[in-house]
């Protein structure tokens, strides 16, 4: 059997290194005040804690997005689920996004790995997955420059 026949849905992983500890980096994602500074340009409401639903709003994509928090292990991992359109995502019409915070250099730095999955094997699913891949890559860059230099990278980036 070829790898192509084994493929049932699309997923991607992006990663980057941040010169902060995994705990500091985790907090910059989990804390809505921090997340609102560098990512959710119109604000985040609710801390990323397992079993909660929070809301992310973007000035360049108006309308708050509900985000379900499936798992939150401080300093290590956050797993969320957020919406999609029928025919674009497969698992219950939501994608699953995992953030992993891995210690590097004896814990002085963090490798951040973001995996999003559940996109359908359709043209629309691929376009949505590629768009979100670009978005999460931008998120990593914005996270890094915010934590390391206090620079807001996202504002005006997409529109």
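Can you say whether residue 40 is in contact with a strand residue (DSSP E or B) (Cβ under 6 Å, 6 or more places away or on another chain) and either in a loop (DSSP other than H, G, I, E, B) or modelled with pLDDT of 95 or more (or both), as far as the supplied structure shows? Spell out the reasoning first.
On the way: in contact with a strand residue (DSSP E or B) (Cβ under 6 Å, 6 or more places away or on another chain): yes; either in a loop (DSSP other than H, G, I, E, B) or modelled with pLDDT of 95 or more (or both): yes.
Spelling it out, residue 40 is indeed in contact with a strand residue (DSSP E or B) (Cβ under 6 Å, 6 or more places away or on another chain) and either in a loop (DSSP other than H, G, I, E, B) or modelled with pLDDT of 95 or more (or both).
Spot the failing condition for residue 81; the list is (1) in contact with a strand residue (DSSP E or B) (Cβ under 6 Å, 6 or more places away or on another chain); (2) in a strand (DSSP E or B); (3) touching a residue at least 60 places away in the same chain (Cβ under 8 Å), and only one is missed.
So residue 81 meets the others, but not (3).
Quick check on residue 89: is it surrounded by 14 or more Cβ atoms within 10 Å (Cβ to Cβ), in contact with a helix residue (DSSP H, G or I) (Cβ under 9 Å, 6 or more places away or on another chain) and either at pLDDT 90 or above or within 17 Å of residue 36 (Cβ to Cβ) (or both)?
no
Inspect all residues belonging to region 48-56 and state whether any of them is in contact (Cβ under 8 Å) with a residue 12 or more places away in the chain, in a helix (DSSP H, G or I), touching a helix residue (DSSP H, G or I) at 6+ places or on another chain (Cβ under 6 Å) and buried (at least 19 other Cβ atoms within 10 Å of the Cβ).
no
Residues that are in a strand (DSSP E or B), more than 14 Å from residue 29 (Cβ to Cβ) and either touching a helix residue (DSSP H, G or I) at 6+ places or on another chain (Cβ under 8 Å) or modelled with pLDDT under 95 (or both): does region 104-115 have at least one?
No, that holds for no residue.
Being in contact (Cβ under 8 Å) with a residue 12 or more places away in the chain, surrounded by fewer than 16 Cβ atoms within 10 Å (Cβ to Cβ) and within 15 Å of the chain's Cα centre (by Cα): is that true of residue 65 here?
On the way: in contact (Cβ under 8 Å) with a residue 12 or more places away in the chain: yes; surrounded by fewer than 16 Cβ atoms within 10 Å (Cβ to Cβ): yes; within 15 Å of the chain's Cα centre (by Cα): yes.
Against the criterion (in contact (Cβ under 8 Å) with a residue 12 or more places away in the chain, surrounded by fewer than 16 Cβ atoms within 10 Å (Cβ to Cβ) and within 15 Å of the chain's Cα centre (by Cα)), residue 65 qualifies.
Taking the condition at pLDDT below 95 and touching a strand residue (DSSP E or B) at 6+ places or on another chain (Cβ under 7 Å), does residue 75 pass?
The answer is no for residue 75.
Answer yes or no as to whether residue 39 is under 20 Å from residue 133 (Cα atoms), touching a residue at least 12 places away in the same chain (Cβ under 8 Å) and either in contact with a helix residue (DSSP H, G or I) (Cβ under 9 Å, 6 or more places away or on another chain) or surrounded by fewer than 19 Cβ atoms within 10 Å (Cβ to Cβ) (or both).
So residue 39 fits the description; yes.
Please work out if residue 153 is surrounded by fewer than 20 Cβ atoms within 10 Å (Cβ to Cβ) and touching a helix residue (DSSP H, G or I) at 6+ places or on another chain (Cβ under 7 Å).
yes
The values are calculated or read from the model by the stated rules, or taken from the named source; none is laboratory data. These numbers were taken from a predicted model, which means no experiment stands behind them. Glycine gets a Cβ as well: all are built from the backbone with ideal geometry, and neighbour counts include every protein chain shown.
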